There are 2 protein chains.
Amino acid sequence: MSSILRSFIEVPADSHFPIQNLPYAIFSPKEGGPPRVGVAISNHVLDLALLEEEGLFTDDTLRNKTLFAKPTLNDFMALGRPAWRAARARLQQLLREDEPTLRDNLELRTRALRLMAAVQFHLPATIGDYTDFYSSRDHATNVGVMFRGKENALMPNWLHLPVAYHGRASSIVLSGTPVIRPQGQTAADDITPTFGPSRLVDFELEMGFFVGPGNALGDPIPVQEATEHIFGLVLVNDWSARDIQKWEYQPLGPFLAKNFATTISPWVIPLEALEPFRCPAPAQEPTPLPYLRADQDSSYDIHLEVTLQSEQMASPLVIARSNFRNLYWTMSQQLAHHTITGCNMRPGDLLASGTISGPTEDSYGSLLELTWRGSKPITLPSGEERRFLQDGDQLTLSGWCQGDGYRVGFGEATGKLLPAISL
Amino acid sequence: MSSILRSFIEVPADSHFPIQNLPYAIFSPKEGGPPRVGVAISNHVLDLALLEEEGLFTDDTLRNKTLFAKPTLNDFMALGRPAWRAARARLQQLLREDEPTLRDNLELRTRALRLMAAVQFHLPATIGDYTDFYSSRDHATNVGVMFRGKENALMPNWLHLPVAYHGRASSIVLSGTPVIRPQGQTAADDITPTFGPSRLVDFELEMGFFVGPGNALGDPIPVQEATEHIFGLVLVNDWSARDIQKWEYQPLGPFLAKNFATTISPWVIPLEALEPFRCPAPAQEPTPLPYLRADQDSSYDIHLEVTLQSEQMASPLVIARSNFRNLYWTMSQQLAHHTITGCNMRPGDLLASGTISGPTEDSYGSLLELTWRGSKPITLPSGEERRFLQDGDQLTLSGWCQGDGYRVGFGEATGKLLPAISL
């Protein structure tokens, strides 16, 4: 513990934001002022636009640029790893306990560090395209068993490629944004639709990564180079209306069932901060085709937790615990697959993992699985039962990597389900 | 013919761009200069940025604004129909034969009107989200018969809702951009994939519309108000790799098979220009649910044509003739359905129709249908046969409405298929 990097700002051991993390977000002071880039340290936000203005970024990749007085991270994401590494090194230096620049300059320090409670967060990037994968074997198997039986649980393609679909970018919202119960067509008999509010609104525990530089149309990203294009990760809740999905999804996949809202957490955790928590991904059998063959030591040990709080409950209940390392397909494989046809990635594109379910019943990442299509309802401390989400339910994802005496955390992605509007 | 509106600029009878059309595009002069908004008249582009600078837009909705000295149409699209109507009326006035402002000011006229051949076109809008529908009954039936047999040709949901999926916005390219044959996984036996260039590259004849003002998240667009959100239409070629699609698409829909390129035409034809060609859409039985019930007199009589030219051919061959009015679901229904869950539309979003096939064998909008999965190859004048596209093939979509002595045309959406790159 003696050699651990420490900040002059006090960081509780269970804080998500020690000097080992330094995630990025877009914030604006509640008292007013334009959105800009900030970095988290303990319960504070460090204003990078101000540090930039003060000339404190001196690396060649960063100086004389306007990167942080911007309402999105896209320009910074586009610069690539050398710039990300330089910014991170400089920020760790400025925040460490033995560095006087900020620590001993009360005036600068007061202007540059704001309490998180005193700022408003915004979406971290303009998301040009959003893609959602389906990369947890346990999740795909569970859904397959429910809908097609045990023998045909996994589709024949699943072990050969990371299945995915294009999602809706416009309805990606920041943690804290209420979610309105969607209305639409459902058909209990699979033949005759009726119209009304969805009865089966669910969450999906996911994570997603933001793309850095990206690639030109026609020029795939090789799997070995993919991590150079991964800026950082967030928590993702892919809200889903199961009854709408069931009726609409053949033959072109989920559409309205997924496009009413997708919640992401405000802090983007840099891949560098996750490096100490790198771990093997599950062994892949059959061996994937060469364009998907990569170092499989490229998953991350990220604890994930889901809580639910109904309006009758005084505090949230943990309903699921999972881990990012449960994912069968790695981020590098997802990116290599997505671009193998030549599809171009742009800085700020978001690629989500799909529901991250683990092998045990308490590690499932959706109510569909946790209650097994509603057949095993969850009993809440209030005495209520839940098969799917009810109006007023607050659903929160959180996640963290456990270091030796510190946590690299993701904060949370939360949203409350509001009643359907009357049309 | 005597009362027809005429321009002081000569317009041949078969031109796509008479004074009755006045479509919008983004262009930049080939000799240099920033991209800006232009309007087509005969073989000329009228520079709206210049007219704006000259103060020639005097309507309250337009004056003292920078709308046309912009690299995209998004800001103009966001203004809504009153502004679109005012701009169109003013442009028709400035271009008519009896109006001297431009006609008799040689200096202004020379600066404001450029030959199309002397400019470069750009994508008309920043497309936040791209959605592709599946709204031709003949196309859905043909595909259904091929893959599921005659009895189950249409899925049970098809007659109740306009089926759609989210597409990839980043790879939408302008007419003229070459398309590289994609590589990926295919599995002839549906079990064991191999990697290589797609062997079954196809086109899809579609049209698409750009969204105007749009809606806030949670606030659906009623079907009766939908046309107020339709700025204008373009031609769309949804290039498709059928063998990649077949292996990947279960259960989440088409992904890589469709995301290597989508070609659109440069000119956006305003809905107002299509008004004289409005016609009934096909009768809908069963009657849709109330949120999809609209005036069915809201389709448009737009002739569509597809040509193919191989490298051995001296001129293109027409391989299909169809019509926009073949579409079962209307644009208003598509927009109402897309937003019924609360999904938000932003100015510049693109909603495409899906393949527009007609009832006869020469009106099918894809090679998949025209050659019936390759079983009835097309013989080209060069003696070559085509089941699917070969390297070097140039595929061109065009479309027009036939008026009395004039045409309101869409120009063309063209692209040449290039060989796969070596990885």
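The values are calculated or read from the model by the stated rules, or taken from the named source; none is laboratory data. Worth saying up front: this structure is predicted, and the values here are computed from it rather than measured. Counting neighbours? That spans all protein chains shown, and the Cβs are built from the backbone with ideal geometry, glycine included. Calculation scope for accessible area: heavy atoms of the full protein, side chains included, ligands and nucleic acids excluded. Shrake-Rupley method; radii C 1.70, N 1.55, O 1.52, S 1.80 Å.
Annotation: of all residues in the stretch A:301-312 being within 15 Å of the chain's Cα centre (by Cα) and open to solvent by less than 10 Å² (accessible area, probe 1.4 Å), the one that is nearest to residue A:335 (Cα to Cα) is A:302. If the condition is being open to solvent by 10 Å² or more (accessible area, probe 1.4 Å) and in contact with a helix residue (DSSP H, G or I) (Cβ under 8 Å, 6 or more places away or on another chain), then the stretch B:25-57 contributes B:30, B:31, B:36, B:43, B:44, B:50, B:54, B:56, B:57.
Does residue B:289 satisfy being open to solvent by less than 70 Å² (accessible area, probe 1.4 Å), within 14 Å of chain A (Cβ to nearest Cβ) and in contact (Cβ under 8 Å) with a residue 40 or more places away in the chain?
On the way: open to solvent by less than 70 Å² (accessible area, probe 1.4 Å): yes; within 14 Å of chain A (Cβ to nearest Cβ): yes; in contact (Cβ under 8 Å) with a residue 40 or more places away in the chain: yes.
The answer is yes for residue B:289.
Would you confirm whether any residue within the stretch A:116-133 is among the aromatic types (Phe, Trp, Tyr) and within 30 Å of residue A:372 (Cα to Cα)? The answer is yes; a qualifying residue exists. Residue-level analysis places residue A:362 among those that are over 20 Å from the mean Cα position of the chain (by Cα) and under 24 Å from residue A:263 (Cβ atoms).
Just one of the numbered conditions (1) more than 30 Å from residue B:260 (Cα to Cα); (2) in contact (Cβ under 8 Å) with a residue 40 or more places away in the chain is not true of residue A:350: (1). Give the stretch B:250-276 a look and list any residue that's under 21 Å from residue B:180 (Cβ atoms), within 8 Å of chain A (Cβ to nearest Cβ) and either within 19 Å of the chain's Cα centre (by Cα) or open to solvent by 10 Å² or more (accessible area, probe 1.4 Å) (or both), or say none. Listed by number, the residues that qualify are B:259, B:260, B:261. Taking residue B:355 as the residue in question, decide whether it is of a type outside the set (A, V, I, L, M, F, W, C), free of Cβ contacts under 8 Å to residues at least 60 places away in the same chain and either within 14 Å of chain A (Cβ to nearest Cβ) or surrounded by 24 or more Cβ atoms within 10 Å (Cβ to Cβ) (or both). No.
Taking the condition surrounded by fewer than 24 Cβ atoms within 10 Å (Cβ to Cβ) and either of a type in the set (Asp, Glu) or free of Cβ contacts under 8 Å to residues at least 60 places away in the same chain (or both), does residue A:330 pass?
Details: surrounded by fewer than 24 Cβ atoms within 10 Å (Cβ to Cβ): no; either of a type in the set (Asp, Glu) or free of Cβ contacts under 8 Å to residues at least 60 places away in the same chain (or both): yes.
No, not satisfied.
Out of the residues in the stretch A:193-220 that are open to solvent by less than 10 Å² (accessible area, probe 1.4 Å) and within 11 Å of another protein chain (Cβ to nearest Cβ), which is farthest from residue A:298 (Cα to Cα)? Step by step, filter the stretch A:193-220, then rank; the result is A:198.
Yes/no matrix, rows are residues, columns are (1) within 14 Å of chain A (Cβ to nearest Cβ); (2) open to solvent by 10 Å² or more (accessible area, probe 1.4 Å); (3) under 20 Å from residue B:265 (Cα atoms):
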{"residue": "B:90", "(1), (2), (3)": "no, yes, no"}
{"residue": "B:93", "(1), (2), (3)": "no, yes, no"}
{"residue": "B:96", "(1), (2), (3)": "no, yes, no"}
{"residue": "B:101", "(1), (2), (3)": "no, yes, no"}
{"residue": "B:107", "(1), (2), (3)": "no, yes, no"}
{"residue": "B:132", "(1), (2), (3)": "yes, no, yes"}
{"residue": "B:138", "(1), (2), (3)": "no, yes, no"}
{"residue": "B:148", "(1), (2), (3)": "yes, yes, no"}
{"residue": "B:155", "(1), (2), (3)": "yes, yes, no"}
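Being surrounded by fewer than 21 Cβ atoms within 10 Å (Cβ to Cβ), at pLDDT 95 or above and hydrophobic (A, V, I, L, M, F, W, C) is a property that residue A:116 has.
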